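Report on one structure; see the data block that follows.
Just so it is clear, none of the values below were taken in a lab; they were calculated from the coordinates. Worth saying up front: this structure is predicted, and the values here are computed from it rather than measured. Quick reminder, even Gly has a Cβ in these numbers, built from the backbone with ideal geometry, and neighbours come from all protein chains shown.
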């Protein structure tokens, strides 16, 4: 595997090529997509993007954890975590694209 | 929130853009991320999270109904890890 990393810069470049807005505005729009998604998730909403996947927020109960190095018990407070469930289409495309 | 609501919010913020351009912008973002993973690349969006591809080894599975064993080939699956900033925001930090 080549293992390159796509960043915000690549996304704004793609938007710039696709829509023909300025590079600066393209970057702001990419930020705005991520920002609106984050805001919805922080409000506790799921974000469902058809043919991509679903981001949902789950609440986890408090539990007693342990520092694996010292063996000391530490309380883990109740918290909210984000999970991403890829759509079937994405799973198929990722599986097909990475076939040996 | 679904894709069309996301498009609407961005359209509302940017009244100078055509709705269909906003749709193309949103679609491009998700399409680029999917294409990166289909190539075996990562997509790292600081503050939001990182998409990567994980390899699942071949294994002998079992049909839970009949108990018959089935060979499951090696495969690659999409994986998402939440970014630190978003994780903290979810917990009111």
Residues B:13, B:41 in order from fewest to most other beta-carbon atoms within 10 Å are B:13, B:41
Distance in nm between pseudo-label sites at residue B:79 and residue A:9 (7 Å out along the Cβ direction from Cα) | 2.6
Would you compute the Debye intensity of chain A from its alpha-carbon atoms alone, equal scatterers and no solvent, and pass along log10 I(q)/I(0) at q = 0.20 Å⁻¹ to two decimals?
-> -1.10
Using Cα centres only, tell me the gap between region A:20-60 and region B:23-85 in whole Å.
-> 18
Choose one answer from A:66, A:23, A:80: the residue with the largest mean-square fluctuation in a GNM of chain A with alpha-carbon springs under 10 Å.
-> A:66
For region A:53-97, rounded, prolate or oblate, judged on the Cα gyration tensor with a ≥ b ≥ c (square roots of eigenvalues), a/c < 1.5 rounded, else prolate if a/b > b/c?
-> oblate
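Normalised by the number of residues in chain A, what is the relative contact order in percent for Cα pairs under 8 Å and 6+ residues apart?
Rounded, it is 18 percent for chain A.
Please report, in cubic angstrom per residue, the volume enclosed by the convex hull of the alpha-carbon atoms of region B:11-93.
Once divided by residue count, the hull of region B:11-93 is 189 Å³.
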Chain lengthening between residue B:46 and residue B:19 when straightened (0.36 nm per residue, less Cα-Cα) | 7.0 nm
For the pair residue B:31 and residue A:39, what calculated FRET efficiency results from E = 1/(1 + (r/R0)^6), where r is the Cβ-Cβ distance and R0 = 30 Å, to the nearest 0.05?
-> 0.85
Given the options A:44, A:35, A:65, which has the most mean-square fluctuation in a GNM of chain A, springs set between C-alpha atoms less than 10 angstrom apart?
-> A:65
Quick one: if you take sqrt(5λ) for each eigenvalue of the C-alpha gyration tensor of the protein assembly as shown, what semi-axes come out, biggest first, whole angstrom?
-> 32, 25, 16
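Within 10 Å of each Cβ of B:41-51, how many other protein chain Cβ atoms are there on average?
6
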Ignore the peptide's own chain and count Cβ atoms of other chains within 10 Å of each Cβ in A:70-80; give me the average, rounded.
-> 1
Residue B:58 versus residue A:72, label points 7 Å from Cα toward the beta carbon: distance in nm?
-> 4.8
Can you give the calculated 222 nm mean residue ellipticity of chain A, where each DSSP H run of n ≥ 4 adds -39,500 (n - 2.57) and the sum is split over every residue, rounded to the nearest 500 deg cm²/dmol?
-> -13500 deg cm²/dmol
Helix B:3-13 axis, angle to chain B major axis (alpha carbon atoms, nearest 10°) = 20
Please find, in a Gaussian network model of chain A (springs between Cα atoms separated by less than 10 Å), the residue of A:57, A:74, A:42 whose mean-square fluctuation is greatest.
-> A:74
Within 10 Å of the Cβ of an average residue in A:40-49, the count of other chain Cβ atoms is 4
